[in-house]
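To start, the structure under review is shown below, and the notes come after it.
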Amino acid sequence: MPKVILVDENDNEIGIEDKLEAHEDGGKLHRAFSIFVFNDEGKLLIQRRADHKYHCPGKWANTCCSHPKPDEDVLKAAHRRIKEEMGFDCSMKELFSFQYKAEFDNGLTEKEIDHAILGKYNGNPDPNPDEVGDWKWIDPDELILDMDKNPEKYTKWFKISIEDVLKKT
């Protein structure tokens, strides 16, 4: 079972936990990252999570998100994971971090300090079908309108973070 980094409220490492166990019993605060990749036209690459994901299956999310491995820097983890999940790599930088908690229908809870990462890329992805059900480039204004109209189609962390990401890009 993959491990996640448990953190305190200030994102200081306090331990390591099995990924699934960190999401059980109300969740344990752990470190995560969310990548937001834009192209030169200002469009954001979003993905629909694969239908068999353990939480939020079939929901639209940012380009890529995951957890750094123990002893792995957040940006190194972002470069590793975007290649594994979306089939490309690109320049990236951290924008900010935020904390959130989300309870899911299956009894699991996401409780994270999530590092928002900005990327730039002009090609198309070659996504891993075990992770990604669909993808598209979308104009941010169109995305915000659809999120307002159909919030149930999107992951909680994406809805929480997108406006701050757009303000900083």
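What are the residues in region 135-169 that are part of a helix (DSSP H, G or I) and among the basic types (Lys, Arg), if any? Within region 135-169, Lys149, Lys153, Lys156, Lys159, Lys167 meet the criteria. Yes or no: Lys111 surrounded by fewer than 13 Cβ atoms within 10 Å (Cβ to Cβ), closer than 15 Å to Thr155 by Cα and in contact with a Lys or Arg (Cβ under 9 Å, 6 or more places away or on another chain)? Taking the combined requirement at face value, the residue does not satisfy it. The set of residues in region 58-84 that are touching a residue at least 24 places away in the same chain (Cβ under 8 Å) and either part of a loop (DSSP other than H, G, I, E, B) or surrounded by fewer than 15 Cβ atoms within 10 Å (Cβ to Cβ) (or both) comprises Gly58, Lys59, Asn62, Thr63, His67, Pro68, Lys69, Pro70, Glu84. The set of residues in region 115-133 that are closer than 20 Å to Cys90 by Cα and outside any loop (DSSP other than H, G, I, E, B) comprises His115, Ala116, Ile117, Leu118, Gly119, Lys120, Val132. All of Ile162, Ile113, Ile138 fail the test of being among the aliphatic types (A, V, I, L, M), at pLDDT 95 or above and closer than 22 Å to Ala22 by Cβ, apart from Ile113.
The values are calculated or read from the model by the stated rules, or taken from the named source; none is laboratory data. Please read these numbers as outputs of a predicted model, since none were measured by experiment. Cβ: placed from backbone, ideal geometry, glycine included. Neighbour counts: every protein chain shown.
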